[in-house]
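Notes follow the structure.
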Amino acid sequence: MTITIRTARLADADALAALNRAAYPDLIQDGVVFGAPQLRGHQVRFARGQLVAELDGRLVAGMATFVPPRDLDALALHTWMGVTDGGTFERHDAGGDTLYLADIYVDRSAWSAGVGRALYAALFALCRELGLARVVGGGRLYDFVDAPADMAPQAYVEAVLRGERRDRVLLSQLRAGFEVRGLLPGYLHDGRSRHCATLIVWENPERESTRATSGASQNERAAGERVARSTRAMSA
C-alpha cells in the first residue's frame, strides 16, 4: 500500500466533508463537524495547513490546522470552539508561533495502515518548514467512555501513559511524538471523552536551542501553571 500526503484542493472539499461526518457521527449535532464550505474556507485562509492522505490513490484522511493569533496563548486552558472560532479559523495569523492541530480524521477502512502516522510526520515537517515553535492540540480521549464511571480524567490518562489502559487516539499521538502537558476540561461536548481532552504539544527541536538559551517565556510558564492547577482540581 502506498500512502501519499499532499495539501488539500478545493475539489476535495465534498469528499473530506463526508469523511469528517463518518469519523464523528456523534458530534454532528454540536456543530463541530466540518462541512464543505468550511473546508474551502480553511484552504483560502491557510492552504499549506490543510493536508490530506491518499491510500493507493484513494482519499482516506484529512488534517486541518491553523496558526492562532499572537495574543492567544494556545498553551493555556481553552476550548475547541473558542480557539478555532467555531471551526472557521477566522483569526489565523501567519505571524504567530504555534501550529494548532484542529482536526485529524481517518476513514475506518484505513485504520492501522500507517495513515495517521504519516499525517503527523507531515504536520511536524510543516511546523519545521514554517519555523514555528511548536504544534499544539486538544487530544480526544477516545476510549475514556469504556473506563469506570468514577475514574477521573487525570487517572485515566496516567493509566494510559503507564501502559495499563489503551486509548487508540492518545497512543497514536504519543507514538507520533506528542507529549501530554495537561488536561483541557470542557474542551468539546464529546461523550466518548467525557468532555475532556489532553493538551498535547510537540516542540520544534530546531527552535529548542533558542528557547533553552532565552528561557521559557513568562506567558508559557503562566500557561503551564494554569493547566497544572486545572489538572490537579480534576483529579481531586
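Any read-out appearing in this document is the output of simple, stated calculations on the displayed coordinates, not a laboratory observation. Only a predicted model underlies this, so the values are computations on that prediction, with no experimental measurement involved. Heads up, the Cβs are rebuilt from the backbone with ideal geometry, glycines too, and the neighbour counts pull from every protein chain shown.
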Looking at (1) closer than 24 Å to Arg140 by Cα; (2) in contact with a strand residue (DSSP E or B) (Cβ under 8 Å, 6 or more places away or on another chain); (3) not aliphatic (A, V, I, L, M), which is the one condition that is false for Thr2? (1)
Working only within the stretch 52-67, note down all residues that are more than 13 Å from the chain's Cα centre (by Cα) and either within 19 Å of Val83 (Cα to Cα) or in a strand (DSSP E or B) (or both). Val52, Ala53, Glu54, Leu55, Arg58, Leu59, Val60, Ala61
Residue pairs within 7 Å by beta carbon, gap of at least six or interchain, first lying in the stretch 1-22 and free of Cβ contacts under 8 Å to residues at least 24 places away in the same chain, second not aromatic (Phe, Trp, Tyr), listed first then second, are Asp14/Ala36; Ala17/Gly35; Ala17/Ala36; Ala17/Leu39; Arg21/Ile28; Arg21/Val33
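Quick check on this structure: which one of Val44, Val33 is surrounded by fewer than 22 Cβ atoms within 10 Å (Cβ to Cβ) and either assigned to a strand (DSSP E or B) or within 18 Å of the chain's Cα centre (by Cα) (or both)?
Testing whether each residue is surrounded by fewer than 22 Cβ atoms within 10 Å (Cβ to Cβ) and either assigned to a strand (DSSP E or B) or within 18 Å of the chain's Cα centre (by Cα) (or both) leaves just Val33.
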Of the conditions (1) free of Cβ contacts under 8 Å to residues at least 24 places away in the same chain; (2) among the aliphatic types (A, V, I, L, M); (3) in contact with an Asp or Glu (Cβ under 9 Å, 6 or more places away or on another chain); (4) under 25 Å from Gly87 (Cβ atoms), the single one that Ala125 does not satisfy is (3)
